Amino acid sequence: MKKKYLGSFILSIFCISTLSNFASFAIELDEATRTVVLDKSGKTIVLSPEQVKKGKRLFNASCSTCHTGGITKTNPNVGLDPEALGLATPARDNIDSLVDYMKNPTTYDGLESIAEIHPSIQSADIFPKMRNLSEEDLFAIAGHILVQPKIVSEKWGGGKIYY
């Protein structure tokens, strides 16, 4: 009888110690990886681990239907990779410009609004996933978009060869 309880006790201790150490198995992103460009002047900001986590969660909930892995399913020629974002007009390779895009999306050349066909704050009545996103949420999503190329490199926006 004592052996049965002793075995259960040891198994319980093992399980508890494994669960308490579970967080140490998670990948911790260093400060360099979490550093992204804030605005068009080139000023940078270090995102907190919480912002990165929140950005990933919100991106997956609100954007990944069309942008899985940083691609654009409706236009495979334009992805969310750093090169494509930098070549847009205006450039969308920083937090401020991505937040602006999520509020007021335009064509790649910046000449026309596409709010009627692209989810945005401006068209939240059409796209319900955008209704409850705050400025902080948009910032976190933009941060996720800019951090991903540092984590998965060429896979982010790499197209259907990866996804």
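The values are calculated or read from the model by the stated rules, or taken from the named source; none is laboratory data. Quick caveat: nothing in here was measured; it's all calculated off a predicted structure. So basically every Cβ, Gly included, is an ideal-geometry build from the backbone, and we count neighbours across all protein chains shown. Only protein heavy atoms, including side chains, enter the accessible area calculation; ligands, DNA and RNA are left aside. Shrake-Rupley method; radii C 1.70, N 1.55, O 1.52, S 1.80 Å.
Once both labels are modelled 7 Å past Cα along the beta-carbon direction, what's the Asp96-Ala61 spacing in nm? Label-label distance for Asp96 and Ala61, simple model: 2.8 nm. Expressed per residue, the C-alpha convex hull volume of the range 59-103 stands at 78 Å³. Mean projection of the Cα convex hull over all viewing directions, computed for the range 48-136: 5.7 nm².
Report the net charge of residues surrounding Ser64, where surrounding means a beta-carbon distance below 12 angstrom and charges are Lys +1, Arg +1, Asp -1, Glu -1. Result for the local shell: +4.
What the Cβ-Cβ distance of Leu87 and Leu29 gives, at R0 = 25 Å and to the nearest 0.05, is a FRET efficiency of 0.40. In terms of accessible area, using a 1.4 Å probe and ignoring ligands and nucleic acids, Arg131, Arg34 rank largest first as Arg131, Arg34. At what distance in angstrom do the alpha carbon centres of the range 39-54 and the range 95-163 lie from each other? Their Cα centres are 15 Å away from one another.
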